[in-house]
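For reference, the structure is listed below as structure tokens.
The numbers here are math on the coordinates, done by the rules we state, and not lab data. Owing to the predicted nature of the structure, the values given are computational and were not obtained by experimental measurement. Quick reminder, even Gly has a Cβ in these numbers, built from the backbone with ideal geometry, and neighbours come from all protein chains shown.
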Amino acid sequence: MSLRPLFGHHPIRARLSAAAADGRLPASLLLQGRRGVGKQRLALWLGQLLLCERATRDRLGEPCGQCQHCRYSERGMHPDLHWFFPRPRLKDGDPSTADVKADLAEAIAERMEAEGLWAPPPGTEGLYIGNIRALVNMAQVRPAMAARTVFVVGDAERMVSQEGADQAANAFLKLLEEPPHGVTLILTTSEPGALLATIRSRVVSVRVPSLGRADLEGFLADPVVERKLSRVPHEEVLARANGAPGDLFSADSMGAAFANARHLLEAALQPSTPDGTAARIKAAAKQGVAGARGAFSDSLDALTHLLHARMRHLVAGGHDIDARRTASVLPLVEHAKGKAQNNVSPNLLTASLLAAMHRQLR
């Protein structure tokens, strides 16, 4: 099992590889961008590039993929490429470096067994002070088999400060500011505003944009990705990804939001028959009588994405009239989004929305 290939981000990759080849790469980096765009995968790619036997020596723009360092990196097993990300708090309140390393090794193995596709960590997991202390300790150790050591810290905004842990926190800040020779630290975040200001001031920030349509299509064509998403219509996959394919494997509410949005769109498209009317009434009733600002609002956002995807599909098929009808529905959904911010009943709002959508689409 190994990581999935890195798709897209070619301009950033070119800049980073050129800086590495010329010895200009900052020792402490922060990759920031919206969730799911591949920041951690990009960071791991850069780590592999720095450890590759041929890449910097022969000024290759990419890791060679053939040397032992590359093979180990792609399988999450390289002893000098350390990958930290939020984990549950260990039972021992003051875990040793060995305990932290063992926990991370198990977590990385789970991500490899998932064929390099993982969901964001739940809110109960974090980068606790034991993890940070272990990272600082590991940075003082000479590399095991490469010429340097690379640390990737995913979801860095999830660092949890603890009372009485100032010594470890200060040691980490000093490490960011003056890493030992041959040590590179790459942090990633989708919430830079939540990152400690003392950390932001000590790293060089690089913005990672969303993937373009061609790169997103390339990711979706990966055999493993294609198999895992085989039950979801392709246009819906594109709509859900929206330039951030990592969101496709999120365990959060957006998966349910898109499922609900698809159900609403199917109900609106039902014919003007008693059965069709009943389907719209049932779909509206399922939205509940309260909580319009929560999951229901997420469903309306998802419905907008699905309508855009439907428009693209219809235009590509030459169905311009149906595409225009679909476009005419978008203002209705936007109006419903505005209403949802007030104290309204989701089921009544949905009933009105579906009736209006049906008239426009049919």
Estimated vicinal HN-Hα couplings, Hz - segment 93-105 in sequence order (Karplus 6.51, -1.76, 1.60; Gly, Pro = x):
x, 10, x, 7, 4, 4, 5, 5, 4, 5, 5, 5, 4
Ranked highest first by average number of other Cβ atoms within 10 Å, how do 99-105, 149-155 line up?
149-155, 99-105
Taking amide H atoms as placed 1.01 Å from N in the peptide plane, list the residues 5 or more away in sequence, or in a different chain, whose amide H sits under 5 Å from that of residue 159.
127
Rg and Dmax [Cα atoms of the chain; Å; Rg one decimal, Dmax integer]:
23.8, 74
With N set to the number of residues, divide the alpha-carbon radius of gyration of segment 253-361 by 2.2 N^0.38 Å and report two decimals.
1.01
Where does each of 321-332, 28-39 land if you order them by average Cβ count within 10 Å, highest first?
28-39, 321-332
With +1 on the Cβ of every Lys and Arg and -1 on the Cβ of every Asp and Glu, the dipole magnitude of the chain about its Cα centre, in debye rounded to the nearest 20, is 780 debye
HN-Hα J couplings of segment 228-233 from phi, Karplus 6.51/-1.76/1.60, θ = phi - 60°, integer Hz, Gly and Pro as x?
5, 10, 4, 8, 9, x
In cubic angstrom per residue, the convex hull of segment 10-214 built on its Cα atoms measures 125 Å³
Which of the lysines could a cross-linker span from residue 337 if the Cα-Cα distance has to be under 22 Å and same-chain partners fewer than 8 positions apart are dropped?
282, 286
Long-range amide H partners of residue 205 with built H, under 5 Å
30
For every helix of n ≥ 4 consecutive DSSP H residues, a contribution of -39,500 (n - 2.57) applies; sum these over the chain, divide by its total residues, and give [θ] at 222 nm rounded to the nearest 500 deg cm²/dmol.
-15500 deg cm²/dmol
